[in-house]
Amino acid sequence: MPASPWTIIAVYFIIALVVACVIAIVPGIFTRKRPTVEKLEAYECGVPPTSALLGRFPVRFFLVAMLFVVFDVEAASFFPWAVQLKALGWFGFMEMLTFIVVLGIGYAYVWKKGGFSWR
Amino acid sequence: MTIAPVAISWTALAPMVVLACGGLVVMLVDLLSRSASRAVLYGIGVVSCIAAFAAMLPLYGRSIVTLNGAFAADRFSWTFDALLLFTLALTFLLSSLRKADDGGSPGSYAALLIFCTIGGMVMAGANNLIAVFLGIEQLSLALYVLAGTGFPRESSQEAALKYVLLGSLASGFLIFGSALLYGADGSMALAALAKAAASLSPLFVAGFALFLVGLGFKLALAPFHTWAPDIYEGSPLAVTAFMAVGVKVATFAVLARVVYAAFGHDSPALVALWAIAILSMLVGNFGAIRQRNLKRLMAFSSIAQAGYIVVALNGVNREGLSAMLFYLAAYAFTTMGAFGVMALLGDGSESYADLDAYRGLFFKRPWPAALMALFFFSLAGIPATAGFYGKILLLQLAFNGTAWGVAMAVTLVLGTLISFYVYGKVVWNMFAAVEGEAPAASGNAIAPWIAVAAGALGTIVFGVLPQTFYASQPFLAAAAK
């Protein structure tokens, strides 16, 4: 059989599937189950858990996380531009300037609307 | 080392750039003025629609492919863009009555609507798989938020949550399908799909199937339609109108471009599409029978209408594209008009989403009732309305000698008969005599009246003089292919 490039991927998938199944199933067959209170509680890096896992917490956390991701990802696109600044020349500079202006308007909008204040 | 800059045709991108500037202006005005009224912000929105349309005029009849082949501004995208801008302008008019306590700031609402439409315009001109995905995501992300802008109502929160969860699942299908399509022909360009489509390699079939699932979700085609009723019901009225029209217009542009680029003729792979069309026509019309809420009814109606529009692709020929554009334009006029009546009567509230509110409406508000009847007649396909001629065009296309074509034609007629009952019941209800006193007539604001009038004008003119428009240049879009 001629080795198509897809054969390698198929082999990879089969190995991944077999390994995953073995890891998931085999321990279940051979272990002895002796549950204790400590073994059954949620694992938090070895420290006894301090609070209920399914509590409510402020939606502000999500807002901060989202804003962080948005501006972090957008800021990350500055790096390739900075590295290739000379090669991209004035065209790249003007493009980046436009990008910063648009980003800045968004930033100002979030700021003014109180997205950064922890109320 | 120097990097050759990507050749950019600013003429081709001008409509989107103008609209984007409009969106930024809306945000800045909302920021800088203490109390920019709804009217000012939405007015800027309407003005940017008109400005973007003006920027489209030099593009008329031209065909420019730019951004390394990622984006095409041709006759095909021109007509879709015009429809999208029309929908956006009408959506602003419908939004003008929204109450201040409806949640969200009018500035972010207007800006999101504009950015959403830019996403739709990217889709209409998308010429490779990345641009398709970029457009769909921009459209969807803005819509997820817009669906939730009625958040004091719990149903709006529910709609936003359901839409974001199911929508991201659909996007997953779409991007996975795109990846497999890329794997099948080694190119992102839609034009390159033809080679892989001819051989029907397993990779292509799998990719196309997943891609169809993703698009089917966005179009609310059965069996990927289950989200539509809940989300249409929960979203604010104007957003529902935009969802029903704008999203379908943009997504059908993508579907048509992909199908025409990949196949160019009837292909066995398209059987899946025909089956989806038949199922949508049945599910949409049967599902509409039992609805007591007009927004839910419109959701099922839009499922059926999407099924009808897929029929236009039968045979994959030029007439099909023209018929699809004609039907989409008719659908846009009619649906925006119907939602306009709902917004007008409800005076910014959702009270006229309830079908019971329409009982005996004709004797209280004769004009809105008569126009609502007109829109329902057009959705059902009664002669002398735009919907009628649209269906005639689709029926002609369906009879192309294939068994699937005949099956679609039969389902189309059957679905239309069921829809006569569905819409007829509502119209009958409006003309039924009611005992007791008539409630005080409210809702006579000028902005939604303009939207209703525009919808009614389009419905009647397209219905009475269909040939004039069907044969006109914007609808003969296929020539650009």
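Here are a few things to note about the model shown:
- On Cα atoms only, tilt of A:85-112 relative to the major axis of chain A in degrees: 80
- Top positive-direction residue, dipole computed over the stretch B:1-131 with Cβ charges, set B:Ala89, B:Ala20, B:Met121: B:Ala89
- When only the Cβ of Lys, Arg, Asp and Glu is charged (+1, +1, -1, -1), the dipole of the stretch A:5-112 relative to its Cα centre reaches about 380 debye.
- Put in order of Cβ neighbour count within 10 Å, fewest first, the listed residues B:Val434, A:Val22, B:Val239 become A:Val22, B:Val434, B:Val239.
- Calculated FRET value between B:Ser105 and B:Ile446, using beta carbons and R₀ = 22 Å, to 0.05: 0.40
- Inter-chain Cβ neighbour average for residues A:102-112, partner chain, 10 Å: 3
- In order along the stretch A:5-10, the phi-based Karplus estimate (6.51 cos²θ - 1.76 cosθ + 1.60, θ = phi - 60°) of 3J(HN,Hα) comes to x, 6, 4, 4, 5, 4 Hz; Gly and Pro are listed as x.
- Electrostatic dipole magnitude of the protein assembly as shown [Cβ: Lys, Arg +1; Asp, Glu -1; Cα centre; debye, to 20]: 220
- Neighbour-count ranking [beta-carbon atoms within 10 angstrom, fewest first] of B:Asp347, B:Asp356, B:Asp81, B:Asp30: B:Asp356, B:Asp347, B:Asp30, B:Asp81
- Only Cα pairs under 8 Å and 6+ residues apart enter the sum, and on that basis the relative contact order of chain B stands at 15 percent.
- Scanning residues 5 or more positions from B:Asp354 or on other chains, those with amide H under 5 Å from its amide H are B:Leu294, with H placed 1.01 Å from N in the peptide plane.
- In loop segments of the stretch A:12-55 as defined by DSSP, the trypsin sites (Lys or Arg not before Pro) with at most 13 further C-beta atoms inside 10 Å of their C-beta are A:Arg32, A:Lys33.
- Filter on B:Lys162/B:Lys195; B:Lys364/B:Lys425; B:Lys195/B:Lys218; A:Lys113/B:Lys295 - keep pairs with C-alpha separation over 29 Å: B:Lys162/B:Lys195; A:Lys113/B:Lys295
- Computed from point charges on the beta carbon alone (+1 for Lys and Arg, -1 for Asp and Glu), the dipole magnitude for chain B about its Cα centre is near 400 Debye.
Here, each number is a calculation from the coordinates, and none is a lab measurement. Quick caveat, the model's predicted, so the values are computed rather than measured. We place every Cβ from the backbone using ideal geometry, glycine too, and count neighbours over all the protein chains shown.
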